[in-house]
Amino acid sequence: MTCDDARTQTLREIGGDGDPDRDARAHLSGCALCADYRRDAERVWTLSGRATETCPRRRSIFEARASRRAPSSIAAAAAALIAAASLTTWALWPARTPTIARQDPDANAEDLLRKDPELRKQVLRTAVQEKERLAEFEKKLAGTENGFTEAKALLDAGKTADATARGEALLASYPKLKVVVLDPSELKHRSSMLWFRIRELVLTGQLTLLREQPEPEEDGRKAERTGIEIRLMNDLRESKRQQEILKNDGPQPRKDAVIELGADDPTLRKQTLDKIRSIRMTVSIADGSAKDLVSYFREISKLNIVLEGSNEQREAKVSIELQDVTMEALLDHFSKLAGYAWEVDRFGILFFKSPKK
């Protein structure tokens with residue numbers, strides 16, 4: 001008897017679908033994790049029937065928020081669950097109550113739970129699953145917090161490049177999770193605050209590294225560099241502003257049907273790569289110089305593109321005939337023909353460089 005089998009029979013028993021067999025009972029008596037699982041499941045199921053009772057004082061992110069005359073936590077969860085289009089239970093709602101979907105979920109959630117046993121089971125299962133996923137998310141978040149502490153120490157020690165690279169890696173792998181039943185407001189606040197703190201570290205490091213680079217000689221490159229610096233400064237200012245808002249507001253109760261924890265990587269490099277992978281192009285050029293082709297790429301994509309190499313290499317003739325390909329595929333093809341390798345730096349600038357020998 002595995003833990004999954006025992007827990008399945010536990011849910012069926014709590015939902016009134018039958019008693020667990022002898023093997024399941026023996027497993028539950030000897031497995032502490034499954035015993036805890038059963039107590040949590042019974043608690044959620046019990047709460048789902050208390051339509052008129054006051055919610056208990058909140059003790060953790062998984063318990064109901066203290067509020068007089070508020071609906072039970074499971075009732076609120078059911079309202080969020082109903083509103084989430086990703087759940088299939090709503091699609092199977094009986095035809096005898098077709099107008100319920102157009103009513104306020106908060107006002108009708110408790111009645112819906114009493115009338116539809118299948119919905120109650122879905123809420124129960126989803127709540128228990130989300131609790132497990134939130135515990136895993138919190139572990140990953142703790143690891144990210146440790147990584148941020150290390151990156152901050154590097155920055156304070158003057159190792160700007162290492163600190164920035166560490167912060168960029170943390171943002172690229174930042175944990176993410178969506179929930180539709182539980183209300184992890186405290187965990188969401190903690191996650192959002194950490195994300196903006198890492199973002200501030202990365203932007204601070206990027207600005208420092210950008211200013212340490214030699215001044216470009218070409219006017220066009222100077223303008224591009226100035227634009228990047230302004231953008232980084234604006235993003236840094238916004239990141240600090242968001243932290244102040246989070247500090248002042250504190251954890252907020254859920255307002256949307258789906259709560260998202262974590263965020264996507266917002267770095268300039270990723271934004272440029274995403275754009276390169278999304279643009280589709282048709283190119284037909286015969287005996288064009290590498291320099292002219294790069295100017296064409298720059299005009300079409302509106303990206304900052306730098307072509308390095310000797311004058312001879314920049315003037316080398318290249319012919320390209322491609323139909324409806326991504327810009328990424330085009331760059332690979334051009335680089336192979338012209339003898340270049342392309343890369344995007346942390347500032348979102350696309351470079352064509354001569355391969356190292």
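The values are calculated or read from the model by the stated rules, or taken from the named source; none is laboratory data. Computed from a predicted model, the values in this text were never measured in an experiment. Every residue, glycine among them, receives a Cβ derived from its backbone with ideal geometry; neighbour counts consider all protein chains shown.
Which one of Gln242, Gln252, Gln271 is farther than 17 Å from Asp332 by Cβ, out of contact with any helix residue (DSSP H, G or I) (no Cβ under 9 Å at 6 or more places or on another chain), touching a residue at least 40 places away in the same chain (Cβ under 8 Å) and not acidic (Asp, Glu)? Don't jump to the end; show me each part of the working.
Numbers: Gln242 fails: out of contact with any helix residue (DSSP H, G or I) (no Cβ under 9 Å at 6 or more places or on another chain); Gln252 fails: out of contact with any helix residue (DSSP H, G or I) (no Cβ under 9 Å at 6 or more places or on another chain).
That would be Gln271, the only listed residue that is farther than 17 Å from Asp332 by Cβ, out of contact with any helix residue (DSSP H, G or I) (no Cβ under 9 Å at 6 or more places or on another chain), touching a residue at least 40 places away in the same chain (Cβ under 8 Å) and not acidic (Asp, Glu).
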The condition of being in contact (Cβ under 8 Å) with a residue 12 or more places away in the chain, surrounded by 18 or more Cβ atoms within 10 Å (Cβ to Cβ) and within 30 Å of Pro184 (Cα to Cα) holds, among Gly262, Gly348, only for Gly262
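The rows are residues; the columns are (1) surrounded by 12 or more Cβ atoms within 10 Å (Cβ to Cβ); (2) not basic (Lys, Arg).
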site: Leu201; (1), (2): yes, yes
site: Thr208; (1), (2): yes, yes
site: Arg211; (1), (2): no, no
site: Glu238; (1), (2): yes, yes
site: Arg241; (1), (2): no, no
site: Val258; (1), (2): yes, yes
site: Ser284; (1), (2): no, yes
Checked the range 274-295 for anything touching a residue at least 40 places away in the same chain (Cβ under 8 Å), more than 30 Å from Arg166 (Cα to Cα) and outside any helix (DSSP H, G or I); matches are Arg280, Met281, Thr282, Val283
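Does the range 119-138 include one or more residues that are more than 30 Å from Thr8 (Cβ to Cβ) and either among the aromatic types (Phe, Trp, Tyr) or part of a helix (DSSP H, G or I) (or both)?
Step one: of the range 119-138, the residues more than 30 Å from Thr8 (Cβ to Cβ) are none.
No, because not a single residue in the range 119-138 is more than 30 Å from Thr8 (Cβ to Cβ) and either among the aromatic types (Phe, Trp, Tyr) or part of a helix (DSSP H, G or I) (or both).
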Could you tell me whether any residue of the range 255-262 is hydrophobic (A, V, I, L, M, F, W, C), in contact with a strand residue (DSSP E or B) (Cβ under 9 Å, 6 or more places away or on another chain) and not assigned by TED's automatic domain parsing to the domain that holds Ala165?
no
Taking the options Arg166, Arg221, name whichever one is among the basic types (Lys, Arg), out of contact with any Pro (no Cβ under 8 Å at 6 or more places or on another chain), modelled with pLDDT under 95 and in a helix (DSSP H, G or I).
Arg221
Give the range 219-231 a look and list any residue that's surrounded by 14 or more Cβ atoms within 10 Å (Cβ to Cβ) and without any contact (Cβ under 8 Å) to a residue 40 or more places away in the chain, or say none.
Arg225, Glu229, Arg231
The lone exception for Gly309 - which of (1) loosely packed, with under 14 Cβ neighbours inside 10 Å; (2) closer than 29 Å to Thr226 by Cα; (3) over 31 Å from the mean Cα position of the chain (by Cα) it fails:
(1)
